[in-house]
Amino acid sequence: CPNSYPSTEMAASDESPMVRPTVQELTAAGVEEPPRQYVLPEQDRHGDLLAADEFPEPTPLIDLSRLTDADEAERLRAALQTWGFFLATNHGIEDSLMDAMMSVSREFFRQPAEEKQKCSNLVDGNGKDYQVEGYGSDKVVSEDQVLNWSDRLHLRVEPEGERNFAKWPSHPESFRLLTSLP
C-alpha cells in the first residue's frame, strides 16, 4: 500500500518545514504508486495538455552561438513565452564533459541514502532549517502541498567563490574534479 510507508513528517508550524522521505526512499520501500502528496488534485489538472508525441510542432531549437542575430534572439523570446523551455545547440560544452557529469551524477544518486544525506539540504537534520543547496527535495510547508516526484542535488557552481563545499558530495571522488575543469 503506497501510504503505508513510515512517516517521517515533523509537526507542522509556520516556521519549520516537514520532513518527508525522499523519492528514492519511497521507491526502495516498494511504493508502486505515488502517495497522495505527489498527486495533483483533479480540479487542478489541465485536461488540455498534450503528450510529447501529440505536439503540433517540435520543441524549439535555439543556436546559442547565434544569439547576437536578431532572428535567433526573437526565436528564443518566442520559445520562452510559448513553450517555457528550449533545446540549446552550439553552447560550447564538450560532449565528453556532459557525459562525465551525467555519469558522476548517476553514481551519486546510486549511493546509499546515508551517504547522500551527508549533503542534505536540511541544515539541522530535523527539518527546522531548510536551504536550497544540498541533496533532498523541495521545502514542505503544509500537509496539503503537492510535492514534485523528484530528489535533487542543488549546488552553486558559479561564481566559484560562493561554492558551499560543505554541501558537495565527497563520493564519488570524481564529482568535485569535474567542476574544476575549464
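The values are calculated or read from the model by the stated rules, or taken from the named source; none is laboratory data. Computed from a predicted structure; not experimentally measured. Quick reminder, even Gly has a Cβ in these numbers, built from the backbone with ideal geometry, and neighbours come from all protein chains shown. Please note that ligands, DNA and RNA were not included when accessible areas were found on the heavy atoms of the full protein model with its side chains. Shrake-Rupley method; radii C 1.70, N 1.55, O 1.52, S 1.80 Å.
Overview of values
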{"read-out": "Among (1) more than 21 Å from Glu162 (Cβ to Cβ); (2) open to solvent by 40 Å² or more (accessible area, probe 1.4 Å) - the single one Lys116 does not satisfy", "value": "(2)"}
{"read-out": "Any hit, the range 143-153, residues being assigned to a helix (DSSP H, G or I), touching a residue at least 12 places away in the same chain (Cβ under 8 Å), within 14 Å of Pro169 (Cβ to Cβ) and within 18 Å of the chain's Cα centre (by Cα)", "value": "no"}
{"read-out": "Some residue of the range 119-132 being touching a helix residue (DSSP H, G or I) at 6+ places or on another chain (Cβ under 7 Å) and modelled with pLDDT under 90", "value": "yes"}
{"read-out": "Ala100, sole failed condition from (1) within 27 Å of Pro21 (Cβ to Cβ); (2) not in a loop (DSSP other than H, G, I, E, B)", "value": "(1)"}
{"read-out": "Single unsatisfied condition, Ser150 versus (1) at pLDDT below 90; (2) more than 24 Å from Ala28 (Cα to Cα)", "value": "(2)"}
{"read-out": "So Ile62, is it more than 19 Å from Phe165 (Cβ to Cβ), β-branched (Val, Ile, Thr), out of contact with any Gly (no Cβ under 9 Å at 6 or more places or on another chain) and outside any loop (DSSP other than H, G, I, E, B)", "value": "yes"}
{"read-out": "Conditions (1) surrounded by 10 or more Cβ atoms within 10 Å (Cβ to Cβ); (2) modelled with pLDDT of 85 or more; (3) outside the structural domain of Asn148 (by the TED database); number of the one not met by Arg45", "value": "(2)"}
